[in-house]
Amino acid sequence: MEAMLGWFANPIFGDGDYPVSLSLKYGTLLPTFSPEEKLWVRKTADFFALSFGPNNLRLGRDLVQYGQIVTPDLRRILSWIKLEYGNIKVLVAEGGWFSEASLGREDTVAIYLMKLFINQALQAIKLDGVQVFGYFAWSLVDGFEWNYGYSIRRGLFYIDFNNPNRTRTPKTSAQYYRHVVNSNGFPGDETLREVKGHFPCDFHWGIADSTLQVKFFPFSPQFTDPHLYSWNLTGDGSLHPVPGVKLHPRQPQCTDYLAIRDHLRVFASTGASHYRFALNWSLILPQGDPSNVNTEALRYYRCVLTELKKLELEAIVILYYPTHKDPNLGLPGPLNATGGWLNYTTVEAFQKYAALCYQELASCVRYWITINEPNRLVDIYSNGTEKHQAAHHLLLAHAKAFRLYEREHASQHRALVSLALHADWAEPANPFVASHTAAAQRFLLFELGRFLHPLLGTSFEEKHSKGGYPQEMKVYLEERAKVTGLSESPLPSFTETEKEELRGALSFIALNHFTTRLVSPYTNTQAKIVQKTPDHGFSILSDPTWPSSSLGQALVPRGLRNILNWVSQRYGRDLPIIVTASGIDDQATIDDKIRQHYLRSYLQEALKARKLDGVNLQGFYVWKLQDRHIPQFGLFTSTHHQSKSKNSVAVYREIISHSGFPEDHSMQICSRNQG
């Protein structure tokens, strides 16, 4: 910092001489000031004028030492000026970023860097007390950028250098800057205002987990060891089995499993009423078919469900929980070896697996999820054709499992069946460009519409719609196929029988929501380049001013309300919506402030969606119960050590006890069996 700013600033705003660090480093190479010159130079400025942008970072990278990093943090620089030279007035005389010349007036990245810098200046004023009295954006129009010539542009106005008139057109950054100027900064978000009210008594206050770990052994060997022992009291004092004697130990009981008891004790301490967990398909059917059933695993799951019922707690059970951490994607090995979800035989195998689980566990389960996040699973496939084929088969597998339950179990057990979709909200990265708005909508169609539309149609269509994928998605992929030279769209089609099987195969809408994404379109239309890009045609950006976790998850509460409204408006309010997973990582061992804020703010948006917007929201599940190893998403620390509750547990328990955010902090009287 002294090499960058202190060289000129210290003689004027400091003691009248160069920084000591520079004098020590450069010695006689650095001129010296006479005492008279020091007095002459010192205090010859009324304010500190600062230029901040890409050039600062380029110069700074050549000066860093010993692991130092260079980041575009204007707030730190402004605070350093205050600490070094006192609380003097500061003007950001030049601030801004650049864009590639080929981008024209659509300078999206420049918008977010401008937003970041102005926001950092505001933080320096409000939080650090720095006397920043102005910010000047660089520059008004595009020009010659020294060593970079015309390859980059930094103006708010785009100049067509090929036009004799040098036409000037405002860029999107100019539109954004005008918005900031008119607002005089960043006024408070209306969505941050709290509402007061209760959630209904039958609301699901839940906790979501992934695949439940099965621990087969009871806590004591007396239930499995058939030997009779004698105590060698006069000898070595140990127990020795009596030869030739075999006993008949009783069958293990659910209460024998210490792991289940301890696990559910931890869960019950949160005050939650519903527990979402997944079965392990590859454990129950190692070969992928009912010829080899792991009955011990099924018994363990049945014990978990039985013990939950004794505690008057409900379960949402997931049949198939795909995971990228497993090379088989959570499938039995033989099924994955024959193509997995690219092969229709996996659809048939899933139906048989579902039939077994229903037969063994249906009496204990009121909510089933067939497949968790099929829209995330398809990302593992290498190209668009495979992604669409896998999604197609996943939809058919869900429908077959749904219809099977409907035919054989619904009349007796009356459980609700759904599939859970990853449902992050999407906003246009550049709100001033129509193509970005279209890309954000396309994101939602590929993520949600692809799966919900064949099952529900839309609220704008007649009840007897033709079925199939969203029309907007089909049109987009057909047009893209023409650009890339394909003979037809890569999107498969359903037979009339399949459409009928899919239509209405959903008892409730299950959404896993975590954050909000900024979406921008791929701009290149050349066939060879388009072929190499994902066929959804969009990329994801991040807003550096959004608060985020250590893993980079942005905390944007309004996104939950927005996605609930989008789904509700598009697919109607008849079916209840349940947020079956929502959470954020936090590295704090106990006082997880990020998660505490996440729970309060996201549940506030859930209440607004229900109370103000009329969304038929019936539940919210926090992801997840315990950390596996290091502090991340868990409400409790890892079981590898002595598991302890984090402070977010108390926050969640308080919200549950009040059934939301009542005006007078009163408690709503609800009985357990209303859920």
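Annotations for the structure displayed:
- Checking the stated criteria, Gly155 turns out to be assigned to a loop (DSSP other than H, G, I, E, B), among the small types (Gly, Ala, Ser) and surrounded by 14 or more Cβ atoms within 10 Å (Cβ to Cβ).
- Members of the stretch 184-218 that are modelled with pLDDT under 95 and among the polar types (S, T, N, Q): Thr191, Gln213
- Conditions (1) in contact with a Leu (Cβ under 8 Å, 6 or more places away or on another chain); (2) farther than 26 Å from Leu560 by Cβ: number failed by Trp425: (2)
- Residues considered: Asp256, Asp262, Asp236. Of these, the only one that is surrounded by 11 or more Cβ atoms within 10 Å (Cβ to Cβ) and farther than 30 Å from Leu599 by Cα is Asp256.
- Within the stretch 468-487, the residues that satisfy the criterion of being at pLDDT below 90 and either among the aliphatic types (A, V, I, L, M) or not in a helix (DSSP H, G or I) (or both) are Val483, Gly485, Leu486, Ser487.
- Test for Asp613: is it surrounded by 18 or more Cβ atoms within 10 Å (Cβ to Cβ) and among the acidic types (Asp, Glu): no
- Every residue from the stretch 624-675 that is of a type outside the set (Asp, Glu), under 26 Å from Asp202 (Cβ atoms) and at pLDDT below 90: His665, Ser666, Met667, Gln668, Ile669, Cys670, Ser671, Arg672, Asn673, Gln674, Gly675
- Tabulated pairs, the stretch 638-657, first not assigned by TED's automatic domain parsing to the domain that holds Val266, second surrounded by fewer than 17 Cβ atoms within 10 Å (Cβ to Cβ) and of a type in the set (Val, Ile, Thr), C-beta under 6 angstrom, 6+ apart or interchain: Lys646/Ile590
- Filtered residue count, the stretch 55-81, keeping only those that are part of a helix (DSSP H, G or I) and either modelled with pLDDT of 85 or more or in contact with a strand residue (DSSP E or B) (Cβ under 6 Å, 6 or more places away or on another chain) (or both): 8
- Selection over the stretch 1-40 of residues that are surrounded by 17 or more Cβ atoms within 10 Å (Cβ to Cβ) and in a helix (DSSP H, G or I) gives a count of 8.
- Enumeration of residues in the stretch 585-625 that are among the aliphatic types (A, V, I, L, M) and touching a helix residue (DSSP H, G or I) at 6+ places or on another chain (Cβ under 7 Å): Ile590, Leu599, Leu603, Ala606, Ala609, Val615, Leu617, Val622, Leu625
- Helices (runs of 4 or more DSSP H) contained entirely in the stretch 328-417, each with at least 1 residues that are free of Cβ contacts under 8 Å to residues at least 40 places away in the same chain: 333-337, 344-361, 384-408, 410-413
- Filtering the stretch 569-584 to residues that are in contact with a helix residue (DSSP H, G or I) (Cβ under 8 Å, 6 or more places away or on another chain), at pLDDT 95 or above and surrounded by fewer than 22 Cβ atoms within 10 Å (Cβ to Cβ) leaves Arg570, Leu575.
- Of all residues in the stretch 482-497, those that are over 15 Å from Asn383 (Cα atoms) have Cβ atoms under 9 Å from Cβ atoms of residues that are of a type in the set (S, T, N, Q), 6 or more apart or on another chain, in Val483/Thr525; Val483/Gln526; Val483/Gln531; Gly485/Gln531.
- Of the residues making up the stretch 616-628, those that are assigned to a loop (DSSP other than H, G, I, E, B) and surrounded by 20 or more Cβ atoms within 10 Å (Cβ to Cβ) are Lys624, Leu625, Asp627.
The values are calculated or read from the model by the stated rules, or taken from the named source; none is laboratory data. As the structure is a prediction and not an experimental result, all values here were calculated from the model. So basically every Cβ, Gly included, is an ideal-geometry build from the backbone, and we count neighbours across all protein chains shown.
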